[in-house]
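Inspection log for the structure reproduced underneath, given as structure tokens.
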Amino acid sequence: MSLRVLIAPDKFKGTLTAQAAAAAIAAGWRKARPADDLTLLPVSDGGDGFGEILSAALGAKPQRVRTVDAAHRPLEGVWWWDAKTKTAVIESANIIGLAMLPPKQFHPFQLDTFGLAAVLQVAAAQGARRCFVGIGGSATNDGGVGVARGLGWQFFNGRDEELVRWTHLQQLRRLARPRRSKLFPRLVVAVDVQNKLLGARGCSRVYGPQKGLRPEEFPSAERALRRLANTVKTQLHQDIAHLPGTGAAGGLGFGLCAFAGAKLEPGFALIARHAKLEQHLRAADLVITGEGSLDRSSLMGKGPGEIAIRCRARKLPCLGLGGVVQDEAVLRKWFQSANALTQLTTSEEAKAGAAMWLTKLAEQTARNLA
């Protein structure tokens, strides 16, 4: 009997975009079950791929902008624009993303979010009434000070000297506003994590290591961002460092709230709403989702976990496919099955030929279903 199958993966980070993953899964599934009716719905949690996925749902078209990356190297970036609704879509990962930089050539103390400001300003000049910014996948840990400086904010020490590097924020004593700090009537920031700015679960300690921060550097980074948060609290009357999501993208969530009037929203929920996920779930007999690593963290706000949770509430079968699968006992509570590329080949070969192996895994999974 043929099934209506919804294929809704996130990216397989470093190997496949969500769109490429969906296409590979569909190709394998069709080999085994050609009569099934497949619907492809790539998803994102606000990181890499957010721009293409949300812009497709909104009908926004790609635009080019000249700016700089996190290391201030010249860059021609992409953003998306829908003139009819005056909506801008921006993906930080393709401007200041970690994947944009050569591995291990730059330290987070050398990087900032300055280049993102040019994209925001171009969108504002275009007349955007609302702007969606996905901030996952950043290379930075600057609390959003770089983008604030790019928008015209100034940061001064006790000798009234302007602070340019975010690592000097320990000396911060005074902020100076630009002439215009609110660029859009509505600025929505899609966050891929719910961490706060500071503390044991803050951005420096949790996500700093994957960007190059060493444990002995945590106190220095924390002092800089704590001073920033305290100054924003006393001078701008915004006590926001404790809010979930302010630690996303190395504190960029905090900075866009404090210096650009943004509102934070979980990235997957935003994508799900605009992509009409619930409508697609109602029409499906079976759902397939996945990402590069399926594990217990997939159930902490990430796309595949959120899809599995929604499926379970509907008693709708949900299959998980991943590059690797860990924490299988936890996953079995939510996924009917969870299979990995590493069941078919080595991790190295899976990364080198991810699309081919994902197609094979999807075919095998479909045959096992039959």
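Observations
- Restricting attention to the range 64-89, the residues being polar (S, T, N, Q) and surrounded by fewer than 17 Cβ atoms within 10 Å (Cβ to Cβ) number 1.
- Check on R177, at negative phi, over 22 Å from the mean Cα position of the chain (by Cα) and in the same structural domain as G261 (by TED's automatic domain parsing): yes
- Long-range neighbours under 7 Å by Cβ, at least six apart or interchain, first residue within 17 Å of W153 (Cβ to Cβ) within the range 106-120, second among the acidic types (D, E) and surrounded by fewer than 24 Cβ atoms within 10 Å (Cβ to Cβ): G115/D69
- On the stretch given as the range 116-148, residues that are in contact with a Cys (Cβ under 7 Å, 6 or more places away or on another chain), outside any loop (DSSP other than H, G, I, E, B) and farther than 23 Å from G59 by Cα total 0.
- Out of A118, A99, A88, one residue alone is in contact with a helix residue (DSSP H, G or I) (Cβ under 8 Å, 6 or more places away or on another chain), assigned by TED's automatic domain parsing to the domain that holds R214 and under 21 Å from L213 (Cβ atoms). It is A99.
- Every residue from the range 91-103 that is surrounded by fewer than 18 Cβ atoms within 10 Å (Cβ to Cβ) and either touching a Gly at 6+ places or on another chain (Cβ under 7 Å) or assigned to a helix (DSSP H, G or I) (or both): A99
- Selection from the range 344-354 of residues that are part of a helix (DSSP H, G or I) and surrounded by 13 or more Cβ atoms within 10 Å (Cβ to Cβ): E349, A350, K351, A354
- If the condition is being hydroxyl-bearing (S, T, Y) and more than 16 Å from A148 (Cα to Cα), then the range 217-236 contributes S220, T234.
- Residue in the range 211-232 that is under 20 Å from A18 (Cβ atoms) and either in contact with a strand residue (DSSP E or B) (Cβ under 8 Å, 6 or more places away or on another chain) or crowded, with 22+ Cβ neighbours inside 10 Å (or both) present: no
- Checking A18, A57, A22 one by one, the residue that is small (G, A, S), closer than 17 Å to L277 by Cβ and not assigned by TED's automatic domain parsing to the domain that holds S297 is A57 and no other.
- Per the listing W357, W334, the residue uniquely assigned to a loop (DSSP other than H, G, I, E, B) and in the same structural domain as K11 (by TED's automatic domain parsing) is W334.
- Residues of the range 193-209 that turn out to be touching a residue at least 40 places away in the same chain (Cβ under 8 Å) and touching a Phe, Trp or Tyr at 6+ places or on another chain (Cβ under 8 Å), as a count: 5
- Checked against the criterion of being over 28 Å from T85 (Cβ atoms), of a type in the set (A, V, I, L, M, F, W, C) and under 17 Å from the mean Cα position of the chain (by Cα), the candidates A139, A200 yield just one match: A139.
- In the set A200, A176, A190, only one residue is loosely packed, with under 15 Cβ neighbours inside 10 Å and either of a type in the set (K, R) or touching a strand residue (DSSP E or B) at 6+ places or on another chain (Cβ under 9 Å) (or both); that residue is A176.
The values are calculated or read from the model by the stated rules, or taken from the named source; none is laboratory data. Here the structure is a predicted model, which is why all the values come from computation and not from measurement. Reconstructed Cβ throughout: ideal geometry from the backbone, glycine too, with neighbour counts over all protein chains shown.
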